[in-house]
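J.: Attaching a single structure in structure tokens format; questions to follow.
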Amino acid sequence: MGVDDVPMDDKAKRMRDLLSSFYSPDPSSPSKTPNASSRFATLDTINTTTFDVDQYMNLLVQKSNLEGLLQRHVDMAAEIKNLDTDLQMLVYENYNKFVSATDAIKRMKNNIVGMETNMEQLLEKIMSVQSRSDGVNTSLFEKREHIEKLHRTRNLLRKVQFIYDLPATLAKCIKSEAYADAVKYYIGAMPIFKIYGDSSFLDCKRASEEAIAIIIKALQGKVFSDSESIQARAEAVMLLKQLDFPVNNLKEQLFEKLEQFLVDLHLEYKEIRYASSGLGGIPVSASSSVHEASIREFAEAVRAYRVIFPDSEQQLFRLAKELATKHFEATKQHIKKQVSSTDLVAMLRVSWTDVLLMDEVLPEAGLRDFTFEAAHDAIKQYVACRFSHLLLDISDALVKVHDNQKGVIEEEYPLQSALETSKKALVQGSMGALLDSRRLLDENLEVLSSLTDLIIEWVQEGFQDFFRKLNDHFFMLSGKKYSANQDLTFGEGMQGDKALPKLVLLLAQLSVFIEQSAITRITEEISSFSGGGTRGYENSSAFIPAEICRIFRSAGEELLQHYISLKTQKILIVLKKRFTTPNWVKHKEPREVHMFVDLLLQELDTILNEVKQILPEGLQPKHRRTDSNGSTTSSRSNPLRDDRLVRSNTQKARSQLLESHLAKLFKQKMEIFTKVEHTQESVITTIIKLFLKSLQEFVRLQTFNRSGFQQIQLDIHFLKTTLKDTAEDEAAVDFLLDEVIVAAAERCLDPIPLEPAILDRLTQAKLAKNSDQSTTS
């Protein structure tokens with residue numbers, strides 16, 4: 001290993017160790033044992049106290065070559081020379097310090113010489129001064145005592161004079177309104193009045209108390225005076241406290257005055273609200289300035305009360321919150337009366353301005369947070385009421401159908417008008433609700449800006465809940481169900497009556513409109529409306545259009561089926577009366593079409609008139625008999641159409657019925673009842689099929705003679721003539737009509753039909769008679 005491997009700071013380390021050993025040699029310092037040093041010997045041991053020359057040389061020879069030994073020799077010689085130089089400098093520096101210390105000691109010794117003599121002279125002078133001072137005190141003692149006695153007498157006379165002059169002094173203070181000085185003088189005289197007030201100074205005490213009573217009244221008046229400054233009123237209360245006057249009564253009276261002020265201010269607030277709504281004749285700007293001035297006056301009164309009574313903060317906090325509460329109570333009352341969003345924003349702006357004024361006076365009251373909570377409830381109530389009024393508007397439009405049924409309103413197309421009115425109320429009301437909500441969001445008002453996301457969520461929830469309630473309301477009006485929680489104001493006057501079929505039809509078509517058109521448009525508006533919120537429409541689950549569409553799609557189908565059921569039930573009443581009244585076994589020979597057929601056709605005309613007003617026409621062509629396959633021909637009707645119907649042999653007629661039964665087994669079955677569509681033809685055809693099927697069942701429950709069977713045959717033949725242009729599925733209707741005739745033949749004791757010529761003659765006579773009646777009417 002060469003010399004270059006020695007660290008760079010070895011020289012400084014050796015110098016530091018050398019100096020340390022020079023200034024503080026410690027032979028008892030711990031050191032390694034010879035064995036340990038020999039075992040772990042290194043080239044650095046040259047700086048230790050256990051340095052071994054032979055061991056160091058052996059180690060150096062082992063680890064270094066000749067060139068390294070020569071270099072080490074040169075370096076060590078240089079280090080020795082440097083160490084000698086450093087030691088010489090240390091000796092010179094210490095010698096200079098020793099010389100300086102010796103000179104200082106010599107100077108101190110020379111200065112102390114002669115000081116002891118001076119101290120002895122000073123002590124003699126102090127003793128002389130003390131002796132002379134004792135002599136002066138002894139000679140002046142008696143005179144000093146006399147002077148002090150005279151001084152005490154003089155002070156006592158001054159106090160007595162002050163007591164005698166106190167009434168006059170208080171009078172001057174009252175005249176100059178220097179009440180603070182008067183209270184100070186009176187309090188200063190109180191100790192004397194307590195001791196001598198009932199004897200020597202009785203008159204002075206009474207006169208002073210009378211003056212103080214006047215001062216107390218004046219101070220009370222100053223406390224209650226609104227023209228006085230806050231500092232003057234607070235000073236008056238402090239003076240009353242110094243006079244031991246019960247200020248708690250004043251505190252209660254002033255607080256009652258503040259409460260009364262708040263009540264009066266609330267009445268003015270109502271007037272301002274009506275004025276802002278344009279219901280009064282007062283300009284809005286003037287009323288607002290009057291209101292703001294009143295609030296500022298109230299705030300200053302609260303500020304003064306807080307300064308005068310610092311321990312009344314909690315009462316003032318409650319009073320300030322009561323002001324905010326009354327603001328929002330009035331706002332909620334107007335919301336219940338259906339206020340516009342513009343008026344609501346005006347109310348909130350006035351409330352927020354008043355809260356900010358009070359917050360400047362009572363920042364610790366937490367009025368901002370309290371106002372945010374109150375505004376939260378008020379706006380949520382506004383959104384809910386907005387949708388409640390929309391539901392009422394739609395209900396009012398539906399009431400027209402009820403009034404038209406009773407003849408209250410006469411219109412050419414009442415159902416069409418009611419449907420259009422309901423659609424308009426729904427669409428415009430929904431757009432109006434969104435517009436009002438957007439106005440709330442667009443307002444630059446702090447109390448509204450903090451509720452932006454919540455308003456968007458409430459509107460979406462409002463639409464979802466609105467359509468659910470509207471669906472329940474539709475079913476309630478239709479008579480299919482009644483909810484105990486349903487608002488009884490909806491459709492007032494309709495619940496006590498039975499469901500009107502035309503109203504049910506209107507509700508069915510309105511449900512279709514909601515599902516196909518209204519929801520789509522409202523969804524688009526809500527999507528753009530919700531774009532400003534942090535949640536966004538896509539991430540919100542408050543309004544679910546697919547669910548609403550599914551609800552109203554199902555509602556439309558149920559209500560349309562309910563309409564068909566109601567109309568069919570009405571027809572069934574006519575059929576039941578027709579078949580249960582006469583004795584069919586003793587029925588007379590038919591002379592004309594029975595009157596019940598006219599009633600059926602009248603009811604069908606009524607249904608056709610209703611569906612034509614609001615239901616669209618079908619797009620599919622009518623199913624004629626020529627368009628259908630062989631399955632449309634009744635297996636029972638063939639033997640009744642051919643020439644064999646004219647045979648008079650009963651046995652042959654019965655054999656024909658047997659043949660029809662056998663043929664039925666080999667014919668394809670016809671699908672009579674299909675899904676009802678929201679079209680005129682589908683509804684009319686379904687009703688016709690239902691009442692014909694019911695007619696067939698009524699026929700099967702009776703037993704006919706020949707005349708009764710022929711009467712049924714004549715009525716069905718007339719119906720076939722009149723219904724061919726009414727029903728959409730003519731083939732199915734013909735099939736059902738033929739089924740009625742076959743059922744009558746099965747239940748007939750002597751099933752011999754009328755001849756076709758007789759049927760045509762009686763049918764034409766009935767048609768001519770109906771034509772004459774319609775012309776006459």
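The values are calculated or read from the model by the stated rules, or taken from the named source; none is laboratory data. A quick note: this is a predicted structure, and the numbers were derived from the prediction, not measured. We place every Cβ from the backbone using ideal geometry, glycine too, and count neighbours over all the protein chains shown. Keep in mind that these areas ignore ligands, DNA and RNA; they rest on the heavy atoms of the full protein, side chains included. Shrake-Rupley method; radii C 1.70, N 1.55, O 1.52, S 1.80 Å.
J.: Quick test for you: out of Thr763, Thr726, Thr722, pick the one residue that is touching a residue at least 40 places away in the same chain (Cβ under 8 Å), hydroxyl-bearing (Ser, Thr, Tyr) and outside any helix (DSSP H, G or I).
T.: One residue alone meets the criteria, Thr726.
J.: Continuing with this model, one more query. From the residues in the range 572-620 that are of a type in the set (Lys, Arg) and not in a helix (DSSP H, G or I), which one is farthest from Ile716 (Cα to Cα)?
T.: This residue is Lys588.
J.: Tell me, which residue of the range 365-403 that is of a type in the set (A, V, I, L, M, F, W, C) and out of contact with any helix residue (DSSP H, G or I) (no Cβ under 8 Å at 6 or more places or on another chain) is surrounded by the most Cβ atoms within 10 Å (Cβ to Cβ)? Reasoning before the result, please.
T.: So the first thing to find is which residues in the range 365-403 are of a type in the set (A, V, I, L, M, F, W, C), and the list is 365, 367, 370, 372, 374-375, 378-379, 383-385, 387, 390-392, 394, 397-399, 401.
From the residues that got through so far, the ones that are out of contact with any helix residue (DSSP H, G or I) (no Cβ under 8 Å at 6 or more places or on another chain) too are 392, 399.
Working: Leu392: 17, Val399: 20.
Ranking the candidates gives Val399 first.
J.: Follow-up question, since we're still on this one. Provide a single number: the residues in the range 305-328 that are touching an Asp or Glu at 6+ places or on another chain (Cβ under 9 Å), crowded, with 18+ Cβ neighbours inside 10 Å and either under 19 Å from Met238 (Cβ atoms) or not aromatic (Phe, Trp, Tyr) (or both).
T.: Going through the range 305-328 one residue at a time, the tally reaches 6.
J.: Please specify each residue of the range 738-777 satisfying the condition of being within 16 Å of Gly708 (Cα to Cα) and open to solvent by 40 Å² or more (accessible area, probe 1.4 Å).
T.: The answer is Glu746, Arg747, Leu749, Glu755, Ile758.
J.: Given the criteria β-branched (Val, Ile, Thr) and open to solvent by 100 Å² or more (accessible area, probe 1.4 Å), does Thr138 qualify?
T.: Yes.
J.: I need a count of the residues in the range 432-483 that are within 30 Å of His562 (Cβ to Cβ), open to solvent by 10 Å² or more (accessible area, probe 1.4 Å) and among the hydrophobic types (A, V, I, L, M, F, W, C).
T.: Counting residues in the range 432-483 that are within 30 Å of His562 (Cβ to Cβ), open to solvent by 10 Å² or more (accessible area, probe 1.4 Å) and among the hydrophobic types (A, V, I, L, M, F, W, C) gives 3.
J.: Just wondering, is there one or more residues in the range 249-269 that are of a type outside the set (D, E, K, R), out of contact with any Gly (no Cβ under 9 Å at 6 or more places or on another chain), at pLDDT 70 or above and not in a helix (DSSP H, G or I)?
T.: Looking through the range 249-269, none of the residues is of a type outside the set (D, E, K, R), out of contact with any Gly (no Cβ under 9 Å at 6 or more places or on another chain), at pLDDT 70 or above and not in a helix (DSSP H, G or I).
J.: Among the residues of the range 722-759, write down those that are within 23 Å of His587 (Cβ to Cβ) and out of contact with any helix residue (DSSP H, G or I) (no Cβ under 8 Å at 6 or more places or on another chain).
T.: Answer for the range 722-759, where residues must be within 23 Å of His587 (Cβ to Cβ) and out of contact with any helix residue (DSSP H, G or I) (no Cβ under 8 Å at 6 or more places or on another chain): Ala757, Ile758.
J.: Counting just the residues of the range 349-364 that are at pLDDT 85 or above and of a type in the set (A, V, I, L, M, F, W, C), which one comes out surrounded by the fewest Cβ atoms within 10 Å (Cβ to Cβ)?
T.: The residue in question is Leu356.
J.: Taking the range 594-614 on its own, how many of its residues are open to solvent by 10 Å² or more (accessible area, probe 1.4 Å) and under 48 Å from the mean Cα position of the chain (by Cα)?
T.: Residues meeting the conditions: 4.
J.: Moving on. Quick test for you: out of Lys159, Lys175, pick the one residue that is surrounded by 10 or more Cβ atoms within 10 Å (Cβ to Cβ), of a type outside the set (Ser, Thr, Tyr), free of Cβ contacts under 8 Å to residues at least 60 places away in the same chain and in a helix (DSSP H, G or I).
T.: Lys159
J.: Starting from the range 316-342, take each residue that is over 20 Å from Lys380 (Cα atoms) and list its partners that are part of a loop (DSSP other than H, G, I, E, B) and at pLDDT 85 or above, counting only C-beta distances under 8 angstrom and pairs at least six apart or across chains.
T.: Note: pairs meeting the criteria are Leu316/Leu362; Phe317/Leu362; Phe317/Gly366; Ala320/Leu362.
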